[in-house]
1. How many residues are among the hydrophobic types (A, V, I, L, M, F, W, C) and touching a Cys at 6+ places or on another chain (Cβ under 9 Å) when one looks only at segment 588-603?
2. Quick one: what pairs do we get from segment 221-241, first residue within 23 Å of Leu177 (Cα to Cα), second modelled with pLDDT under 80 and in a helix (DSSP H, G or I), C-beta under 7 Å, 6+ apart or different chains?
3. Within the bounds of segment 337-351, is there any residue that is in contact with a helix residue (DSSP H, G or I) (Cβ under 9 Å, 6 or more places away or on another chain), without any contact (Cβ under 8 Å) to a residue 40 or more places away in the chain and farther than 17 Å from Ser299 by Cα?
4. Can you pull out every residue in segment 616-660 that is under 15 Å from Ala443 (Cα atoms) and not aliphatic (A, V, I, L, M)?
5. Is there any pair linking a residue in segment 87-111 that is surrounded by fewer than 23 Cβ atoms within 10 Å (Cβ to Cβ) to one that is assigned to a helix (DSSP H, G or I) and among the polar types (S, T, N, Q), with Cβ under 7 Å and at least six apart or on different chains, and which?
6. For Ala67, indicate whether it is of a type in the set (A, V, I, L, M, F, W, C), surrounded by fewer than 20 Cβ atoms within 10 Å (Cβ to Cβ) and without any contact (Cβ under 8 Å) to a residue 12 or more places away in the chain.
7. Evaluate the following for Leu125: is it surrounded by 18 or more Cβ atoms within 10 Å (Cβ to Cβ) and of a type outside the set (Ser, Thr, Tyr)?
8. Given the criterion in contact with a helix residue (DSSP H, G or I) (Cβ under 6 Å, 6 or more places away or on another chain) and acidic (Asp, Glu), identify the matching residue among Asp588, Asp572, Asp606.
Amino acid sequence: MTEPRAALSHRLPYRPEIDGLRALAVVPVILFHAGIPGFAGGYVGVDVFFVISGYLITSVILADLAAERFTFLHFYERRARRILPALLVVMLATVPFAWMWLDPHALSEFGKSLGAAAVFVSNLLFLRDTNYFGQAAELKPLLHTWSLGVEEQFYLLFPLGLVLVWRRWRAATGLCLAAAGLLSLCLSGYLTWRASPVGFYLLPSRGWELLVGAAIAHRHATAPASSLAPTGSALTAVGLVAILWAVSPYVGLETGPFSRSVVATLGACLVVWCGATPGLAYRLLSHAVPVRVGAMSYSLYLIHQPVLAMARALEVNRISTRTYLILALACCVAAALLWRVVEQPFRRAERIASRWLWRSVTIGAGLAVLIGASCYVTGGWPGRFSAQDIRVLQVKTFKSVDRFALNGVPCANRLPSDGCRLGYPGAEPSWALVGDSHAAALAPALDERLQGSQLAGQQLTRFSCLYVGDAVLVSNNPVKQQACHLWTTEVHARILSPTVRDVVVAGRYVNTFEGVAFDNGEGGRESTGQGIGRVLDDRRSVAAIFQRAITELLAAGKRVHLVYPIPEVGWDVPIRLFKLHALWHRDDPVTTSYAVFLRRTQGVRDLFDALGDLDGLSRVRPETWLCDSTLAGRCVTALDDQVLYFDDDHPSYAGAVRVIDHLSLRLPTASSPARSR
């Protein structure tokens, strides 16, 4: 049965509580990106924005269809007026600061995102190379444009489908919206279960949030919202509580971003559906302050990420919470200016005609693409900096864990049965390098030493997996936990092979055993812990299992080279050295407290020391040449003008060479007679 046109032509009046809801969406996003305590789930503000966007866009389309005045040209012009001018102004305004403060690699990456954001495909770019929740994401000025990519792709496709359904199967419009939303929700849940970033970045798995807003708009167009008056105020309050619950870090949403998104989206749906009902929740949302913040929420969203990312690019010590709050207030001032000077004029056709709109956005987008392409093609214009600064950064880009690959798969992260070969091609592998990415970082140096000695070995490493015998390690990803347990079991069986004579055991044991991210106490602190979590068994049990595994290797006639903890730094060493010299014109060394190192590594050093003086066991202690030697009470990160780290904890090639050099008593030099196999 065809729905009454009179009902569908009903236009929703201005709803101030939706602007208030926008404020509730944008503020947590900003505080989350600033790392303010208490907003661990602040990223769900984007989910709330999606619901609002789906609702408002569908309301406009349905009203225009009912009044027989809908045209695609008019629709896309309105979207362009709403989104493009402010976006392009912010993007182009970010360029000078990126030029001054970003290192060549970061500027090259910025160039890619600049071009991608200009054509609304930045979500595809970030899907390929950026973990939204990773530390590197904090330094990307245009990371937030992934959500605009999702929205614009929705705006491109959704009106076509809605108009088609409306004109051919009008009575089934609501059913089609519900079915499409359910399919998208199921896809999102499946991809999240598979730990795929596709579920976070792409329209097919994000579309359900926009579609539930569209379904509410269709419902409002066909049934009066006033029918909810008896319970609407209570449902609105429930919706607000759900959003705040999803934002809060104090709740147990163990399945991560997906579950938080579901809670926040359902909360936004309740507010959008029932929010116009008079009551306390309505009064809170329609107050002048949240309404004003919500009105300029788009400008605020656009500005905040470039400001925070550029502040991080410039800082050498960790930014304080107070400074972040000051930056957030500065973003509000800038957003108010952008809203008044750019957003408002361009949204009014009587102030800026269509031809000037299209000319402006074409020129702006073209400039963004050209500038972005030049930054990418030139490798970030390295000529901006001195040769010394570039040499320091080359340590960063030449990651030793990425140096080797076999059949296109890095050797650092392969199954034991498919481990990469090291050393002399004509020799039978008699060495094994075992451990996580810290062990993998030693591979290039060990490879060269083995070649010089006409010996060969095998690289048996896997990211975040430690060699701990049969001990089980906790992970928030059960699949990862099981994979690591199977990996270490297979590695142990493989290195017991009679052909293996020497085993190098290395890894970031301290991070896993302590279970917390490193903080050097001087401003250098990891954003998140690495590794796969704390040990499941108590330390005494783990120590016994580990010691039994090492003893078994020694009893089988192996020589075991145990690498003690490499001092963590807390700062990305090449980047910090670059900032100090290139941006702040300082030649300060990057050092950390030896006392902090001793406290942090006490448990692991005790574990290794408890093995005692066993025949065939040798120990390599990087602290002996890094700590309390060059500088009293300090651990250094560079020696003889060589940078010894490629990030905040992994040894660079130069650092790996020093570790491998301390195996010299067991590893013949090129001039020594080679062993026959």
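The values are calculated or read from the model by the stated rules, or taken from the named source; none is laboratory data. These figures come from a predicted structure and were not determined experimentally. All Cβ positions, even for glycine, are placed from backbone atoms using ideal geometry, and neighbour counts span all protein chains on display.
1. Here the count works out to 3.
2. The qualifying pairs are Ala221/Ala7; Ala221/Leu8; Thr222/Ala7; Thr222/Leu8.
3. yes
4. Correct list: Tyr645, Phe646, His650, Pro651, Ser652, Tyr653, Gly655, Arg658.
5. Listed by first residue and then by second, the contacts come to His105/Thr397.
6. no
7. yes
8. Asp588
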